[in-house]
Each structure stands twice: as C-alpha cells, then as structure tokens.
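Step one of this worksheet: look at the structure below.
The values are calculated or read from the model by the stated rules, or taken from the named source; none is laboratory data. For clarity, every value in this text was computed on a predicted model and none was experimentally measured. All Cβ positions, even for glycine, are placed from backbone atoms using ideal geometry, and neighbour counts span all protein chains on display. Quick note on the areas: whole protein, heavy atoms, side chains included, nothing else; ligands and nucleic acids left out. Shrake-Rupley method; radii C 1.70, N 1.55, O 1.52, S 1.80 Å.
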Amino acid sequence: IPDSVTRIWDFAFSGCTSLRKITIPDSVTSIEELAFSGCSSLAEITIPDSVTRIGLDAFYKCSSLTTITMPDGVTILGANAFSFCTSLTEVTMPNSLTSIGSNAFSGCSSLTEIEIPDSVTSIGDYAFKGCAVLTKITIPDSVSEIGYDIFSGCVNLTMYGSADSYALQYA
C-alpha cells in the first residue's frame, strides 16, 4: 500500500482469500468497515501508530490471524472488528482505546486471555460472546458502560478487577 493512502475504505480488500500479509503505511489513519473482512488466509498484519479507528467488521472472519497488536493511537474498536477470527490467541490493546464495540471479539474461539486497558470506558453487547476457551479477563474500574451478555458462552472465564468495579457487578 503506497504512502499516499490515508484511509482504507469499506470493502477495500474484503474477500481476498489469498491475501496472507499486509503492512499498512503510517499515512493511514482509519481502517473502515469490512476493509479486510473474509480474508481467511491473512495471518500477519502490521497496523501503524497513525491508525485511530478500526471500523465495523474490519477484520471479520480473518480466520488465520493469531496475534493482534493495536497501535497506541487507536481509540475506537468498531462492532464485529475481529469477530470470528477463530485462530486469534493474543490481543494487545493500547492505552488510548476508549470503546470496544458490540461483538468485537465474538466467536474468537482460540482467545484465552485479554487485558482491557484503563482507558476503556465502554464495552458493547456480546463483545466476547462465544470465546469458549477464554479463561482470564481483566476489566478496569474505568469501564462505566457495559453491554448486554458480553460473556455469553465463555464457560471457563474468570474475571479480574476491583471488588467495587461497575463492570464486574454488571458483566
């Protein structure tokens, strides 16, 4: 992708089933809706610090992704952003992230643990639904808004946070 690109638009690489690796240049600030949706062979992606928003369904059903490190600039993680990334085992969220969208990680059946940074204030409906092997999640006190049934189907889960955490009371 050339440095002249500032945004990866809707459906840009959607359905590119042979795409295995992509490096996004520093000029890109936003990855929009369904940008890489259905790229089932995508195993490696480099997201630059310049990206502030990962849109709706951006990496939906990228079933070969195993690790995601979101850069420090990301503030919004859209609905279904990484849903059904069935090989995803490790997610690193930045301290700039404020919102995790509905179904953001639903169906990530290989995800075992996740730590939500102190900057997050809201987690959308069904955010981790169907993460059956998720065993550990840390939810900070900063989370003041939590969606419906965010841990549905997470049968092995232990949540960590302070005893008076809003999120733990309503998760």
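Could you give me the residue pairs with C-beta distances under 8 Å whose first residue belongs to segment 114-140 and is within 13 Å of L97 (Cβ to Cβ), whose second residue is open to solvent by 40 Å² or more (accessible area, probe 1.4 Å) and of a type in the set (K, R) wherever it lies, and which are 6+ apart or on separate chains?
Note: pairs meeting the criteria are I114/K136.
Inspect segment 86-101 for any residue being assigned to a loop (DSSP other than H, G, I, E, B), under 13 Å from the mean Cα position of the chain (by Cα) and on the phi > 0 side of the Ramachandran plot and give the result as yes or no.
No - not one qualifying residue is present in segment 86-101.
Conditions (1) buried (at least 16 other Cβ atoms within 10 Å of the Cβ); (2) within 26 Å of S40 (Cα to Cα), marked per residue:
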| site | (1), (2) |
| --- | --- |
| T66 | no, yes |
| A79 | yes, yes |
| C85 | yes, yes |
| S96 | yes, no |
| F105 | yes, yes |
| I114 | yes, yes |
| V133 | no, yes |
| V143 | yes, no |
| V155 | no, no |
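Counting only residues that are outside any loop (DSSP other than H, G, I, E, B) and polar (S, T, N, Q), which one in segment 34-79 is nearest to S119 (Cα to Cα)?
The residue in question is T69.
Of everything in segment 140-154, what is of a type in the set (A, V, I, L, M) and over 14 Å from T121 (Cα atoms)? Give them in sequence order.
Passing the criteria: only I150.
Restricting to segment 102-115, what's the tally of residues that are in contact with a strand residue (DSSP E or B) (Cβ under 6 Å, 6 or more places away or on another chain) and in a loop (DSSP other than H, G, I, E, B)?
1
Give the residues of segment 86-121 that are over 22 Å from G38 (Cα atoms), among the hydroxyl-bearing types (S, T, Y) and modelled with pLDDT of 95 or more, sorted by residue number.
Listed by number, the residues that qualify are S96, T98, S99, S119, T121.
Go through (1) of a type outside the set (G, A, S); (2) farther than 20 Å from I24 by Cα; (3) touching a Cys at 6+ places or on another chain (Cβ under 9 Å); (4) buried (at least 18 other Cβ atoms within 10 Å of the Cβ) for V91 and report which single condition fails.
For V91, the exception is condition (2).
Is one or more of the residues making up segment 20-27 touching a Leu at 6+ places or on another chain (Cβ under 7 Å) and among the basic types (K, R)?
There is at least one residue in segment 20-27 that is touching a Leu at 6+ places or on another chain (Cβ under 7 Å) and among the basic types (K, R).
Residues that are at pLDDT 95 or above, surrounded by 18 or more Cβ atoms within 10 Å (Cβ to Cβ) and on the phi > 0 side of the Ramachandran plot: does segment 20-32 have at least one?
The answer is no, given that none of the residues of segment 20-32 is at pLDDT 95 or above, surrounded by 18 or more Cβ atoms within 10 Å (Cβ to Cβ) and on the phi > 0 side of the Ramachandran plot.
Checking K129 against (1) over 23 Å from T46 (Cβ atoms); (2) open to solvent by 10 Å² or more (accessible area, probe 1.4 Å); (3) touching a Leu at 6+ places or on another chain (Cβ under 6 Å), which test does it fail?
In the conditions (1) over 23 Å from T46 (Cβ atoms); (2) open to solvent by 10 Å² or more (accessible area, probe 1.4 Å); (3) touching a Leu at 6+ places or on another chain (Cβ under 6 Å), K129 misses (3) alone.
Need pairs with beta-carbon distance below 6 Å; first residue on the phi > 0 side of the Ramachandran plot and within segment 51-69, second of a type outside the set (A, V, I, L, M, F, W, C) and open to solvent by 10 Å² or more (accessible area, probe 1.4 Å); sequence gap 6+ or separate chains.
Between residues of segment 51-69 that are on the phi > 0 side of the Ramachandran plot and residues that are of a type outside the set (A, V, I, L, M, F, W, C) and open to solvent by 10 Å² or more (accessible area, probe 1.4 Å), the close pairs are D57/E33; D57/S37; D57/N80; K61/G38.
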